[in-house]
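Written below as structure tokens is the structure these notes are about.
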Amino acid sequence: MAAVQDGPMELDAEKETKPEILSDGTSNLSGNTASGTMSSSPLTAAPAGGAPKMEDQQTLIAVLQFLKRNKLMESVDILRREAGLGEDQEDSQALDGSGGVKGDGDGGDTNSLLSRVSMASAAAPQSTLTPMPAKSANDQPDVSVVLSAYSQQGDPSLYKVYYSDLKNFIESVLDCHRAELSQLFYPLFVHMYLELVYNNNENEAKAFFEKFSGDQECYYQDDLRVLCGLSKKEHLKGNEALLDFRTSRFVLRISRDSYQLLKRHLQERHNNQIWNIIQEHLYIDIFDGMPRSKSQIDSMSGSLAGEARREVNKVKVFYGLLKEPEIEVPLDDEDDEAENEEGKPKKKKTKKDSMGSKSKKQDPNAPQQNRIPLPELKDSDKLDKIMYMKESTKRIRLGPENLPSICFYTFLNAYQGLTAVDFTDDSSLLAGGFADSTVRVWSVTPKKLRKVKSAAELNLIDKESDDVLERIMDEKTASESKILYGHSGPVYGVSFSPDRNYLLSSSEDSTIRLWSLQTFTCLVGYKGHNYPVWDTQFSPFGYYFVSGGHDRVARLWATDHYQPLRIFAGHLADVTCTRFHPNSNYVATGSTDRTVRLWDVLNGNCVRIFTGHKGPIHSLAFSPNGKFLASGSTDGRVLLWDIGHGLMIGELKGHTDTIYALKFSRDGEILASGSMDNTVRLWDSLKAFDDVETDDFTATTGHIHLPDNSQELLLGTYHSKSTPVTHLHFTRRNLLLAAGAYNSQ
């Protein structure tokens, strides 16, 4: 298939003079009426090659004549005043044959001038005709500057006519084009409403909202409720959501045939009002080929900023796993005896040896081992790896015919105060974050929690003894749980370090705290977020951790640095959940802007944007092999993503409430999801991934055909009595642990 941008050389040249350009390479619409095109170039572009002043004055006259014909006298007066042009001077120039703007003749120059200035009327009250560089969506412009783009664009009473005309046109076209062009309704509705509000046309704005708000898709209802509250110009200033919507161009993916149909209609109807908004506030991602169906469009739509640009999801991602360090696994006598009893010692031994020398070959999709600096393995880490490998040999192989047992940890008398849960990788400890600002740690094994002895007592210990690690622990402090005090607001995220020596917690007080599980005290408070921190998670290798919060950014930290190492900015709303990729080179974030983003830890760039959820995203999980990502949201759906191709490959429907927990089994064959609907559901992830065929056409166009096979993939549904599921965890032997607080209401 042809690429979207089929005129890269022209685009590069045009970017210097044009503030906004469509992505199809055909947006240099010259205004030649014979070719049936319209202008997309406002008068912010300076004449090339130092054109004479006379030509500038002729252009000014053309603008004034155009405004007069449309009875925009206020704009005429302001423009004339700013340009220093007298009325008599204008009349004399207009009568001059070189002006050529009177009447509606077929002359190409006249129409070219008129079409070139079609957008100038929008900026006339606020701006002069000097070159104006475009602002990128990543800049944080001044609110007043951003809002000035909503200056008077025409007769406010005609806004309903413009919108109705487009609506009637779209509803009358062929079904194959209607689904694609219907995507325009929501962004045009929002921008036209905001223009009316900004220009103090409150009554017209209210009437416009009441007439057309009911036509918008159901998943935009929350956004429309916010928009409804912005009824006065004063409300717009300082509104972050509005600022984001204005500066991040809404992305629509439309086939070339549908786009040409739209362009021809707007040109024939002289509907410059709609065209200006499309040019200035939308990004049309045009592709060659058949238009997408309604189901294909619905599966990808729903986010605050439309779909993702296809070029964003084509960046190379190293999703493979890092090569495991070679560790010799000793086979002690007890293990040998156990194997002999089972009658298959050789098979067991071979399996352990292969685990010890895992991943001898470098995965071609894996990053370089030293792409990011990772902490070196300590002796204790190596011992833990050996224990992990031994337990892996006893792991139960799960599948449709062999589902896991589920052990549910119910928090009683929590009074709905439980806000976060985490288990250690070896399933020995459980931590809970609570609304009363405390963090509590439990031992879920018979082994009790003990603090390290005081410094004075440690000096008396023989450091050369074999059991020194036991001797340093104070038996007098042994208990089944510990309470950690320090936060001054509800704790929304907790995460254990891989070595079980530390615990992270994030809170409404805008801090992240690092706790020692040897002394059960706070070691560091990390301050960088300005608002509540909704989630935090340790890297699979320790040392690094990530956090996300209400300030709409995620931050990458290292435990020995007070300041963040990376700031991942791009989400348009709160970052609600964060997860490290198994190779630690990438971080996934979910947001209330209804998108999932994948960030490169090395350079901080966003390398994937996944759209399709219809509500805020609250849970993420990577598959053990690093190839796939699962996300869950308030819409009750689990979406599956192919990281390498940047595509949605599955949709799991069944939950009736927000999904707060997702976890793949250790071998990746089962995906477990936990929800506020008090259920745990098990899905056949292996079948879900195997059923999808990602060909080159699909990868290029982003077209997906999702099979409606949720019931086939659902392996089991398990109900709790009245306990929403907050967290899920598979043990090293594939037992599923679930946790949540009992809700008596």
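The values are calculated or read from the model by the stated rules, or taken from the named source; none is laboratory data. What you see is a predicted model; the values in this text were computed from it and never measured. A quick note on method: Cβ atoms are made from the backbone with ideal geometry, for glycine too, and the neighbour counts reach across all protein chains shown. Ligands, DNA and RNA are excluded from the accessible area calculation, which covers all protein heavy atoms including side chains. Shrake-Rupley method; radii C 1.70, N 1.55, O 1.52, S 1.80 Å.
Just one of (1) at pLDDT 85 or above; (2) within 20 Å of the chain's Cα centre (by Cα) trips up M192, so point out which.
Tallying (1) at pLDDT 85 or above; (2) within 20 Å of the chain's Cα centre (by Cα), M192 fails exactly one: (2).
Per-residue answers, yes or no, for (1) among the hydrophobic types (A, V, I, L, M, F, W, C); (2) open to solvent by less than 10 Å² (accessible area, probe 1.4 Å); (3) modelled with pLDDT under 95:
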| site | (1), (2), (3) |
| --- | --- |
| G548 | no, yes, no |
| R552 | no, no, yes |
| Y562 | no, no, yes |
| L572 | yes, no, yes |
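Looking only at the stretch 601-614, which residues are at negative phi and either open to solvent by 10 Å² or more (accessible area, probe 1.4 Å) or aliphatic (A, V, I, L, M) (or both)? Walk me through it before giving the result.
Filtering the stretch 601-614 for residues at negative phi gives 601-603, 605-611, 613-614.
If the condition is that a residue be at negative phi and either open to solvent by 10 Å² or more (accessible area, probe 1.4 Å) or aliphatic (A, V, I, L, M) (or both), then V601, L602, N603, N605, C606, V607, I609, K614 are the ones that fit.
Answer yes or no: is there a residue in the stretch 599-612 that is of a type in the set (D, E, K, R) and closer than 23 Å to N239 by Cβ.
The answer is no, given that none of the residues of the stretch 599-612 is of a type in the set (D, E, K, R) and closer than 23 Å to N239 by Cβ.
Collect the residues in the stretch 615-626 that are surrounded by 20 or more Cβ atoms within 10 Å (Cβ to Cβ) and part of a loop (DSSP other than H, G, I, E, B), keeping them in residue-number order. Steps first, please.
Initially, the stretch 615-626 is screened for residues surrounded by 20 or more Cβ atoms within 10 Å (Cβ to Cβ), giving 617-623, 626.
Hits for the stretch 615-626 are S623, G626.
Go through the stretch 709-736 and give me each residue that's open to solvent by 20 Å² or more (accessible area, probe 1.4 Å), part of a strand (DSSP E or B) and of a type outside the set (F, W, Y).
L714, L715, T717, H719, H727
Does D535 meet the test of being in contact with a Ser or Thr (Cβ under 7 Å, 6 or more places away or on another chain) and acidic (D, E)?
yes
Which members of the stretch 158-192 meet the condition of being out of contact with any Asp or Glu (no Cβ under 9 Å at 6 or more places or on another chain), open to solvent by 10 Å² or more (accessible area, probe 1.4 Å) and either of a type in the set (F, W, Y) or outside any helix (DSSP H, G or I) (or both)?
Y162, F169, V173, L174
Does the stretch 373-381 include one or more residues that are modelled with pLDDT under 90 and in contact with a helix residue (DSSP H, G or I) (Cβ under 9 Å, 6 or more places away or on another chain)?
Scanning the stretch 373-381 turns up at least one residue that is modelled with pLDDT under 90 and in contact with a helix residue (DSSP H, G or I) (Cβ under 9 Å, 6 or more places away or on another chain).
Name the single residue that is modelled with the highest pLDDT among those in the stretch 227-242 being open to solvent by less than 70 Å² (accessible area, probe 1.4 Å) and either over 21 Å from Q216 (Cα atoms) or among the polar types (S, T, N, Q) (or both).
Going through the qualifying residues, I end up with S231.
If you go through the stretch 400-429 one residue at a time, how many are within 23 Å of F664 (Cβ to Cβ), assigned to a loop (DSSP other than H, G, I, E, B) and open to solvent by less than 50 Å² (accessible area, probe 1.4 Å)?
Final tally of qualifying residues: 5.
Give me the residue from the stretch 655-679 that is in contact with a Leu (Cβ under 6 Å, 6 or more places away or on another chain) and outside any strand (DSSP E or B) and, out of that set, least open to solvent (accessible area, probe 1.4 Å). Outline the logic, then answer.
Residues of the stretch 655-679 that are in contact with a Leu (Cβ under 6 Å, 6 or more places away or on another chain), as a first pass: 661, 663-665, 669-670, 672-674.
The next check asks that each one be outside any strand (DSSP E or B); those that pass are 665, 669.
Numbers: S665: 1, E669: 24 Å².
Top of the filtered list is S665.
Show me the strands (runs of 3 or more DSSP E) found entirely inside the stretch 483-533 where at least 3 residues are touching a Gly at 6+ places or on another chain (Cβ under 9 Å) and farther than 20 Å from G740 by Cα.
Passing ranges, in order: 511-516, 521-527.
Go through the stretch 212-225 residue by residue and tally those that are in contact with a helix residue (DSSP H, G or I) (Cβ under 8 Å, 6 or more places away or on another chain) and either surrounded by fewer than 13 Cβ atoms within 10 Å (Cβ to Cβ) or not in a helix (DSSP H, G or I) (or both).
Count: 3.
Residue check, F287 against (1) within 24 Å of L194 (Cβ to Cβ); (2) surrounded by 21 or more Cβ atoms within 10 Å (Cβ to Cβ), all met but one. Which one?
Exception for F287: condition (1).
Anything in the stretch 248-260 that is surrounded by fewer than 20 Cβ atoms within 10 Å (Cβ to Cβ) and in a helix (DSSP H, G or I)? List them, or say none.
R256, D257, Q260, listed by residue number.
Could you grab the pairs with beta carbons closer than 7 Å, sequence gap of 6+ or different chains, first residue in the stretch 579-595 and open to solvent by 10 Å² or more (accessible area, probe 1.4 Å), second one among the small types (G, A, S) and outside any loop (DSSP other than H, G, I, E, B)?
Between residues of the stretch 579-595 that are open to solvent by 10 Å² or more (accessible area, probe 1.4 Å) and residues that are among the small types (G, A, S) and outside any loop (DSSP other than H, G, I, E, B), the close pairs are R579/A588; R579/A621.
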